[in-house]
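The values are calculated or read from the model by the stated rules, or taken from the named source; none is laboratory data. None of the values given here were measured: they were computed from a predicted structure. Cβ sites come from the backbone with ideal geometry, for glycine too, and all protein chains shown count toward neighbours. Please note that ligands, DNA and RNA were not included when accessible areas were found on the heavy atoms of the full protein model with its side chains. Shrake-Rupley method; radii C 1.70, N 1.55, O 1.52, S 1.80 Å.
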Amino acid sequence: MTSHVADCSVTNCSFNDHTNCNAAAITVGGAENHAHCATFIEVGVHGGLPKVLADVGACQRSECVHNDHLMCKAPEVHVGPGRDNADCLTYAHA
């Protein structure tokens, strides 16, 4: 089971559709104590699926409390501006 991307406030992302993510899945990357959406693309062209279905496909932040074998187990994920343009706001260091 994967975690659903509940909302994304990064409006300049090509996968953003009225604060919803319509990528098939996102990857959470970054560095320790910081997690960002590695799926963020700013190209000025709208991309993604016709329906909003995004889940977290993989999470590279193994120190996050929600990470279980590189899969996100949070009830839902929120993406928004932080240290980077698109951060995983659900990230919590274990």
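Miscellaneous remarks
- Within-12-Å neighbourhood charge of Thr27 [Cβ basis; K, R +1; D, E -1]: 0
- In this simple spin-label approximation, Thr19 and His46 carry label points 7 Å from Cα along the Cα→Cβ vector, and these lie 1.8 nm apart.
- Taking Lys and Arg as +1 and Asp and Glu as -1, the other residues whose beta-carbon sits under 12 Å from that of Ala6 total -3.
- Protein heavy-atom surface of the chain, 1.4 angstrom probe: 57% of the accessible area is carbon and sulfur, with nucleic acids and ligands not counted.
- The modelled label-to-label distance for the pair Asn85/His69, using points 7 Å beyond Cα in the direction of Cβ, is 3.5 nm.
- Bridge type composition, the chain - antiparallel percent by DSSP, nearest 5: 60
- Cubic angstrom per residue, convex hull over Cα atoms of the chain: 75
- Where the chain is the region considered: accessible area per residue in Å², 1.4 Å probe: 54
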